[in-house]
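The values are calculated or read from the model by the stated rules, or taken from the named source; none is laboratory data. Not measured: the values here are computed from a predicted model. FYI the Cβ positions are ideal-geometry reconstructions off the backbone, even for glycines, and counts take in every protein chain you see. Just so you know, the surface numbers come from the protein's heavy atoms only, side chains and all, with ligands and any DNA or RNA stripped out. Shrake-Rupley method; radii C 1.70, N 1.55, O 1.52, S 1.80 Å.
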Amino acid sequence: MTSMGRPSDQNLETKEIDLRSMSSSSHGQVPQVYKVAVPPRQNLFKEFQATIKETFFADDPLRPFKDQSISRKFILGIEAIFPILKWGRSYNLKKFRGDLISGLTIASLCIPQDIGYAKLAHLSPQYGLYSSFVPPLIYAVMGSSRDIAIGPVAVVSLLLGTLLSNEFDPIKNAEEYQRLAFTATFFAGITQATLGVLRLGFLIDFLSHAAIVGFMGGAAITISLQQLKGFLGIKTKMFTTKTDIVSVLHSVFHTAHHGWNWETIVIGASFLGFLLVTKYIGKKNRRLFWLPAIAPLISVILSTFFVFITRADKKGVEIVRKIERGINPSSVKDLYLTGENLGKGFKVGIVAGMIALTEASAIGRTFASMKDYQLDGNKEMVALGTMNIVGSMTSCYVATGSFSRSAVNFMAGCQTAVSNIVMSVVVFLTLEFITPLFKYTPNAILSAIIISAVVNLIDYEAAILIWKIDKFDFVACMGAFFGVVFVSVEIGLLIAVCISFAKILLQVTRPRTAILGKIPRTNVYRNIQQYPEASKVPGVLIVRVDSAVYFSNSNYVKERTLRWLTDEEEKVKGDYPTKIQFLIVEMSRESLYFNPKFVIPLTNSRSKTFIFVLLIFYYLLSLVFMMQPLLILIQVASKPSKSYIEVLKREELSLFWQILVQ
């Protein structure tokens, strides 16, 4: 018989519950009685409101506005949108000194990289410089990270170039290609800003770290292979436009006898060696961090001067030839806002925006944790989205946080985002006065700079660690890696996303379970496989379910728990000292102490089925009413003295309902 009734007013204050245990009944001890207060009844609307708040506003962004005057709220709102107005009040000359040094340092690194990355995206060199002028200024005003250096990056440039080339030929349809690049940048910014405004940044976390490691490593190899054309001086127009390793290597060796230029190879190999050596020195000696940062600019200056005085361009060495002079022209009229190209730009923009956002978020979190300050992820998304929207209207393509430049910025001693402003000023001066000097810069040196920059993206140490920790994560890592290297960038990205979602579904539908044992001389219970010293309690089987129970995994949890019980019963036939009398199912995330929530006799399979139906019912209620996970104690004695189910309150956890079975 089961009874569920509305508690009386007296019961709302306190309720006496008799806690019975196997030990007390077996030793004839008097049962202990505890008084448990029943929590007040909650309004359904308030429960729903609290759920929404915890889901989308866990950081409580409106707390600073509480109990403030209207004028003060207005000021706080402006500061929330433009953080520079908040930290700018405490800015001083000492901070500017650090920002000036770091800004000049990253500017010397970004100028040659930007020219190379623009060619990687199949755009004219000046568009790379444009993307390091306007977006960093916008981010400095709206961003909350002190260390991120904004500009084009290799992976996004490759991705953008690959996806856009599928729509238009960058040589035959240069104007349409360029307009589609600006349109994709616009929608990349819209995507990023929308995720920030709607506070949906958690969506980027669905792309697992293992998949990102594999994707970045594969992209690094693909980028390096793409640079072989400029590095070897191959001029033929028959060079493949595909990115997979088989097609690229076939084109490279097919042109070996008549397409390679030995002068170009000498220039590229010499300066690539120089760049790698300086990078190694900077890694070994942190005080020389500026050496690998300034090495690309030194390489550009020396190689340009060498080609100019020897006129190597007349001997087959390919050069940049021309970079447009002046700051960013308006590109508002170039955006595709109607027609079929609107859909193409939207599709490419979403993919490029998500990858750019993932990279920037990872970089921002890394340096924020190193300097111990809080980074607002949603504000970051709005800032990144706004700068790309404005950038798309000022002849820029997708910009984001660069790891190499951000690392240099960090080691150079940056204090605030003013370092991005300093970098933008240097790029502005370069666009106005220095771009004609890049006319004789060889393409081989740009290829060498890109190759040296993407080498660090191949994180083999992280792949080894992933293999040691989780083999399924390693499969995701290798799937993304081989997908990029042997097929294409978009296929590799698709594989990375699919495997990440597959892992999430697998963990939800097949949660981990473990048998717990007691740590000697403590009241703590842990996994007996991870803690060999933990010992089982005679007559008791403790099973932990490392996940919430949903409709998708409820049947598996039931079958797995019953299989544990069957395995233990088979051991009883051997030399196992005691039959299993109790089954404890731990479903909370807390450390397990012997504090039962249910005491349930389990005498047959029908009782087992009833128990698990009860558990499923409880967890369905928990999804709606935010109830806490429970610890289940199930008695499996063959002849229990009394049949009952009791729901007990544990410390501050809510007592939602009580079922008594006579």
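Just one of (1) in contact with a Phe, Trp or Tyr (Cβ under 8 Å, 6 or more places away or on another chain); (2) of a type outside the set (Val, Ile, Thr); (3) open to solvent by 20 Å² or more (accessible area, probe 1.4 Å) fails for LEU163. It is (1). Taking the listed residues TYR336, TYR373, the one that is on the phi < 0 side of the Ramachandran plot, of a type outside the set (Val, Ile, Thr), in contact with a helix residue (DSSP H, G or I) (Cβ under 6 Å, 6 or more places away or on another chain) and outside any helix (DSSP H, G or I) is TYR336, with no other qualifying.
For GLY268, the conditions (1) open to solvent by less than 30 Å² (accessible area, probe 1.4 Å); (2) within 33 Å of the chain's Cα centre (by Cα) all hold with the exception of (2). Taking the criterion of being at pLDDT 85 or above, of a type in the set (A, V, I, L, M), under 28 Å from ILE495 (Cβ atoms) and open to solvent by 10 Å² or more (accessible area, probe 1.4 Å), would at least one residue in segment 229-244 satisfy it? There is no residue in segment 229-244 that is at pLDDT 85 or above, of a type in the set (A, V, I, L, M), under 28 Å from ILE495 (Cβ atoms) and open to solvent by 10 Å² or more (accessible area, probe 1.4 Å). The C-beta contact set for segment 116-144 (first residue more than 23 Å from PHE438 (Cβ to Cβ), second residue among the polar types (S, T, N, Q), distance under 7 angstrom, 6+ apart or interchain) comprises ILE138/THR386; TYR139/ASN420; ALA140/ASN420; MET142/THR386.
A quick yes/no check of all residues on (1) of a type in the set (Asp, Glu); (2) more than 25 Å from ILE458 (Cβ to Cβ); (3) surrounded by 16 or more Cβ atoms within 10 Å (Cβ to Cβ); (4) out of contact with any Cys (no Cβ under 6 Å at 6 or more places or on another chain):
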site: HIS257; (1), (2), (3), (4): no, yes, no, yes
site: LYS284; (1), (2), (3), (4): no, no, no, yes
site: LEU288; (1), (2), (3), (4): no, no, no, yes
site: PRO292; (1), (2), (3), (4): no, no, yes, yes
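Sub-7 Å Cβ pairs linking a first residue in segment 38-63 that is closer than 15 Å to ARG199 by Cα to a second residue that is modelled with pLDDT under 75 and part of a loop (DSSP other than H, G, I, E, B), at least 6 apart or interchain, are THR51/MET626, ordered by first then second residue. Can SER361 be described as under 20 Å from GLY217 (Cα atoms) and either surrounded by 20 or more Cβ atoms within 10 Å (Cβ to Cβ) or in contact (Cβ under 8 Å) with a residue 12 or more places away in the chain (or both)? The answer is yes for SER361.
Summed over segment 336-356, residues that are of a type in the set (Gly, Ala, Ser) and open to solvent by 50 Å² or more (accessible area, probe 1.4 Å) total 1. Considering segment 166-195, the residues that are open to solvent by 10 Å² or more (accessible area, probe 1.4 Å) and either of a type in the set (Val, Ile, Thr) or not assigned by the TED database to the domain that holds GLY364 (or both) include one that is modelled with the lowest pLDDT, namely ILE171. The residues of segment 117-133 that are in a loop (DSSP other than H, G, I, E, B) and within 25 Å of ILE221 (Cβ to Cβ), listed by number, are ALA121, HIS122, LEU123, SER131. Counting only residues that are touching a Lys or Arg at 6+ places or on another chain (Cβ under 9 Å), closer than 22 Å to ILE327 by Cα and assigned to a helix (DSSP H, G or I), segment 393-433 holds 6 of them.
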